[in-house]
């Protein structure tokens with residue numbers, strides 16, 4: 001088994017749900033230590049920093065260590081049992097984004113072996129990308145607090161998220177994960193005619209109102225660069241249930257099947273453009289107030305990210321990967337946290353984008369070595 005395949009296997013075998021990244025972080029720390037590469041822990045992230053020949057410029061690689069959960073469906077081989085199927089490797093996080101992790105680690109090793117790189121290099125391995133992006137946000141704030149954006153005359157970066165090595169994403173939408181609560185009447189299930197205000201139906205009613213409102217907002221915030229804002233309705237709903245912990249496991253129990261719940265809570269997934277992101281929460285709160293609903297953040301909001309196509313990093317990447325398509329993602333990512341500090345970056349990496357968050361997720365390991373070579377060319381050309 002080749003080095004990149006073994007490293008990918010080792011990473012997939014480590015369960016690393018969002019908020020549970022310590023074990024995989026320790027593995028990556030140990031791997032670098034064996035190679036004679038120093039790394040340090042920044043908040044919950046792991047960072048490798050190389051001083052370059054030219055310390056007036058810097059290049060950042062960002063890779064997240066966490067995965068989504070395995071889901072409720074059965075996996076063919078088990079989510080943490082990496083298995084080869086022809087030229088594919090199946091396992092949780094294979095594409096999103098342990099392949100990108102491997103590519104970043106191998107590039108860091110390659111640069112370490114060659115001696116001092118042309119420019120300062122930062123390799124960041126961050127937590128909680130799949131949850132709220134707080135790992136990248138923490139690094140970006142730390143980077144800014146320590147004055148690096150002011151120290152460098154130019155900073156660029158690559159997020160090693162899966163794009164099949166065929167798309168260069170230079171932007172993405174932001175997101176608001178909102179928790180919306182409806183209060184209704186409680187009562188006996190045998191007497192529905194006495195229920196004037198049903199909490200679940202109130203949530204459904206408001207969901208319809210919000211969806212209708214988004215048809216207007218999509219027209220208002222259609223700037224031609226981003227997919228207009230969208231609302232993912234009721235990505236979860238909870239009413240008349242209680243979550244209890246039994247033998248260390250969280251179990252959902254029905255409060256009472258013959259009682260109308262007085263409270264219903266649903267989550268909504270709002271995807272935003274930069275301009276809509278500034279006003280989205282206030283607008284939804286105003287709409288909710290009119291309809292007797294309560295709105296809160298389920299997780300901290302993630303800003304939209306964008307790098308202009310005329311920026312050097314975009315021009316260099318498109319010059320080197322000539323057949324790649326230049327796109328702005330409909331989803332959200334962590335690029336926005338660097339955008340907020342004026343850092344220009346793109347999203348480009350090994351792995352199958354369409355495999356993200358799917359049961360029996362797979363990737364093509366051969367893409368990893370291809371990515372390492374492309375990354376090296378991009379950094380070398382950009383640094384000149």
Mean Cβ count within 10 Å, highest first, over the residues of peptides 316-324, 218-226
316-324, 218-226
Need one number for the range 42-186: average projected area of the convex hull over its C-alpha atoms, nm².
13.7 nm²
Angle between the Cα long axis of helix 3-12 and the longest principal axis of the chain, 0 to 90 degrees, nearest 10?
20 degrees
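Report the semi-axes of the equivalent ellipsoid for the range 174-297 in whole Å, largest first, where each axis is √(5λ) for an eigenvalue λ of the Cα gyration tensor. If you can, show how the numbers build up before the last one.
Working: eigenvalues 202, 67, 20 Å².
Equivalent-ellipsoid dimensions as semi-axes: 32, 18, 10 Å.
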In the chain, what % of DSSP beta bridges are antiparallel (nearest 5)?
65 percent
What number do you get for the range 1-51 when its Cα radius of gyration is normalised by 2.2 N^0.38 Å, N = residues?
1.21
With everything on Cα atoms, drop me the angle between helix 199-220 and the longest principal axis of the chain, reported from 0 to 90° to the nearest 10.
50 degrees
Quick check: the angle from helix 99-114's long axis to the longest principal axis of the chain, C-alpha only, nearest 10 degrees?
20 degrees
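In deg cm²/dmol, rounded to 500, what helix-only [θ] at 222 nm does the chain give when every DSSP H run of at least 4 residues adds -39500 (n - 2.57) and the total is split over its residues? Please report the intermediate quantities before stating the final value.
Details: 10 runs with 126 residues, N = 384.
Helix contribution divided over all residues of the chain: -10500 deg cm²/dmol.
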Normalise the Debye intensity by I(0) for the range 267-384, one equal point scatterer per Cα, no solvent, then take log10 at q = 0.10, 0.13, 0.17, 0.19 Å⁻¹ and round to two decimals.
-0.46, -0.70, -1.01, -1.14
Cβ neighbours within 10 Å, averaged per peptide: list 108-117, 123-132, 10-19, 143-152 in order, most packed at the top.
123-132, 10-19, 108-117, 143-152
Round to a whole angstrom and tell me the spacing of the C-alpha centers of the range 21-100 and the range 119-146.
14 Å
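Each value in this text was obtained by applying a stated rule to the coordinates, not by laboratory testing. Everything numeric in this text was worked out from a predicted model, so none of it was measured. Reconstructed Cβ throughout: ideal geometry from the backbone, glycine too, with neighbour counts over all protein chains shown.
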